[in-house]
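Working notes, beginning with the structure itself.
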């Protein structure tokens, strides 16, 4: 990661501050403006209303001063929170008759308002109107008290908003510190862990659900890493074992060859045995490479046209010698068209492991029977042995990597990779592999490969 590094606490504080500003300050400013605007509009509406009332009195009284004084007194009594003043000019416009508060009139001066639109002089609002007979009337209202009340309300809103923002920021700070503390505890627990050989244990007191989920996922991740580490160690051990046995046998065969003089036939037999051991070594390496490669589901392998029967014939002599070294033999039966399209190496590797597994388990002196049956849409391979058989509950487990069934470790070395590679090769080919019990004792391994491997 590049750029400036911000701690989570700093980001939370900035985020909470912006959130408080948006949720508290902005509505507060809007409310302050609305309060002031409402006060202005209410005063303007009152000026217009009282001007209209005064117009009526002027028109109906014929300009009688006493009547107008009484009318203005009644209007003032109805609105004690403001000061009102009225005046009117006759048609000539030379004389103004004044009624109401003299302070208001002194503030606005002797000139009439410019027109029906409200004008202001500080807290005073006034309007004027010309009647049909040329008489001009004017109303002026001092709304200082109304505006003072509005300002007090604005101060109250501002104070409450600032208090709410301060409270929100305090709560945000507490939440930030709590969250940071929990995350620091998680990080400290991970740092203390130190090794994949023990489970991760992070102790938190009443954490939020989200933090608890993060910790659980970390613990699961460490558990998976431990499993992968164990599998890797087992794979390395398997590699060492699978390579060590053939290499030791090669060395022993060479030492035997050098200990005494031998006839040409004896030397030939020794060399053939060494070649067989070398091929077993190559097969072990190939199995391990295939196991690693098949972990990648996108690796579909090359698509080739080949005849599975011909490929078996090429390898038959070698497999027969391997069976003979263990006191057994091979019997091969081929039926139908055995041509197929797909990953040639995956198919042959699966077949090789099935045969090797049967040779290892079949009883001495009994043949391993291989049947290749070319059907319309697939080729079915059946490999029969006369071994001890596999329990129904263990037939699927036998295909899992590194799984060794009861009694296997006593019978022969290995780490349970052969059948796993068979199953993976079959799946990559779009086929299947399974184990079936054989009548009379033993096991039948079935490998079904479609004639054309999916792309």
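How high is the FRET efficiency between residue 191 and residue 231 when r is their beta carbon distance and R₀ equals 25 Å, given to the nearest 0.05? E(calc), rounded to 0.05, equals 0.45. Scaled against 2.2 N^0.38 Å for its residue count N, the alpha carbon radius of gyration of the range 8-148 is 1.50.
When DSSP assigns beta bridges and you keep just the ones with both residues in the range 299-450, what percent turn out antiparallel, to the nearest 5? Antiparallel bridges make up about 75 percent of those DSSP assigns within the range 299-450. So how far apart, in nm, are the two label points at residue 29 and residue 258 if each is 7 Å from Cα heading toward Cβ? Here the answer is 9.3 nm between the modelled labels. Rg and Dmax over the alpha-carbon atoms of the range 299-450 stand at 14.7, 42 Å. Take each peptide in 390-400, 50-60, count the other Cβ atoms within 10 Å of every residue, and average; sorted highest first, the result is 50-60, 390-400.
For the peptides 332-339, 346-353, 443-450, residues were scored by their other Cβ atoms within 10 Å and the scores averaged per peptide; the highest-first order is 346-353, 443-450, 332-339.
We did not get these values from a lab; they are worked out from the coordinates using the rules stated. Predicted model only: the values in this text are computed from it and were never measured. Using ideal geometry, Cβ is built from the backbone for each residue, glycine included, and neighbour counts are taken over all protein chains shown.
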